[in-house]
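Colleague: Provided herewith is a single structure, encoded as structure tokens, for subsequent inquiry.
Every number in this text was worked out from the coordinates using simple rules, so none of it is lab data. Here the structure is a predicted model, which is why all the values come from computation and not from measurement. Please note: Cβ atoms are built from the backbone with ideal geometry, for glycine as well, and neighbour counts cover all protein chains shown.
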Amino acid sequence: MGYRMAALCSCGYGNKEVIVGSGRSGEYYYYPFYCKKCNILFSAASFECPKCQQKDVISYSDNKMYEGDNLADKGGKELIGRKFLCPSCGRYDLEFFILGF
Ligand SMILES: [Zn+2]
Ligand SMILES: [Zn+2]
């Protein structure tokens, strides 16, 4: 099972096409990643930026990407109710919201 989420920051940066969890096929596990080079948040099933194709990207489950205690794996729901690093303004002010399933 997966979620369709939006990632929004107070600076105005946002991505409303974030897939988290397994897709319809169930073969792949999607998660949000951060590409330092492109300054974007994207969701993918592998460590590869869809824009620049480089593999030096960071998963949003990495503790560099949020403040506070370590995330527990809750199938994607661990992203809710926390502040994450915004790829655009560089502050920990980005939040995830569930849009649908
Ligand atoms: Zn990139
Ligand atoms: Zn921001």
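Colleague: All but one of (1) on the phi < 0 side of the Ramachandran plot; (2) more than 16 Å from ligand 2 (Cβ to nearest atom) hold for Q53; which doesn't?
Modeller: Status for Q53: all satisfied but (1).
Colleague: Do we have any residue at all in the range 51-59 that's touching a Gly at 6+ places or on another chain (Cβ under 7 Å) and assigned to a loop (DSSP other than H, G, I, E, B)? Before the answer, list the steps.
Modeller: Initial filter on the range 51-59 (touching a Gly at 6+ places or on another chain (Cβ under 7 Å)): none.
No; the residues of the range 51-59 include none that is touching a Gly at 6+ places or on another chain (Cβ under 7 Å) and assigned to a loop (DSSP other than H, G, I, E, B).
Colleague: Against the definition (out of contact with any helix residue (DSSP H, G or I) (no Cβ under 6 Å at 6 or more places or on another chain), within 16 Å of ligand 1 (Cβ to nearest atom), in contact (Cβ under 8 Å) with a residue 24 or more places away in the chain and within 14 Å of A6 (Cα to Cα)), how does F101 come out, yes or no?
Modeller: So F101 fails the test.
Colleague: The conditions are (1) within 15 Å of ligand 2 (Cβ to nearest atom); (2) assigned to a strand (DSSP E or B); (3) surrounded by fewer than 17 Cβ atoms within 10 Å (Cβ to Cβ), and C11 fails exactly one of them. Which is it?
Modeller: Only one criterion is unmet by C11, namely (2).
Colleague: Ok, one more. Please state which of the following conditions C35 fails to meet, knowing it meets all the rest: (1) under 13 Å from the mean Cα position of the chain (by Cα); (2) surrounded by fewer than 14 Cβ atoms within 10 Å (Cβ to Cβ); (3) within 16 Å of ligand 1 (Cβ to nearest atom).
Modeller: Only one criterion in (1) under 13 Å from the mean Cα position of the chain (by Cα); (2) surrounded by fewer than 14 Cβ atoms within 10 Å (Cβ to Cβ); (3) within 16 Å of ligand 1 (Cβ to nearest atom) is unmet by C35, namely (2).
Colleague: For the structure I just gave you, tell me whether E27 is among the acidic types (D, E), within 16 Å of ligand 2 (Cβ to nearest atom) and exposed (fewer than 15 other Cβ atoms within 10 Å of the Cβ). Steps first, please.
Modeller: Working: among the acidic types (D, E): yes; within 16 Å of ligand 2 (Cβ to nearest atom): no; exposed (fewer than 15 other Cβ atoms within 10 Å of the Cβ): yes.
Against the criterion (among the acidic types (D, E), within 16 Å of ligand 2 (Cβ to nearest atom) and exposed (fewer than 15 other Cβ atoms within 10 Å of the Cβ)), E27 does not qualify.
Colleague: Which of the residues belonging to the range 58-94 are touching a residue at least 24 places away in the same chain (Cβ under 8 Å), surrounded by 14 or more Cβ atoms within 10 Å (Cβ to Cβ), under 22 Å from G12 (Cα atoms) and touching a strand residue (DSSP E or B) at 6+ places or on another chain (Cβ under 6 Å)?
Modeller: Selection gives I58, Y60, M65, Y66, L79, F84, L85, C86, P87, Y92, D93, L94.
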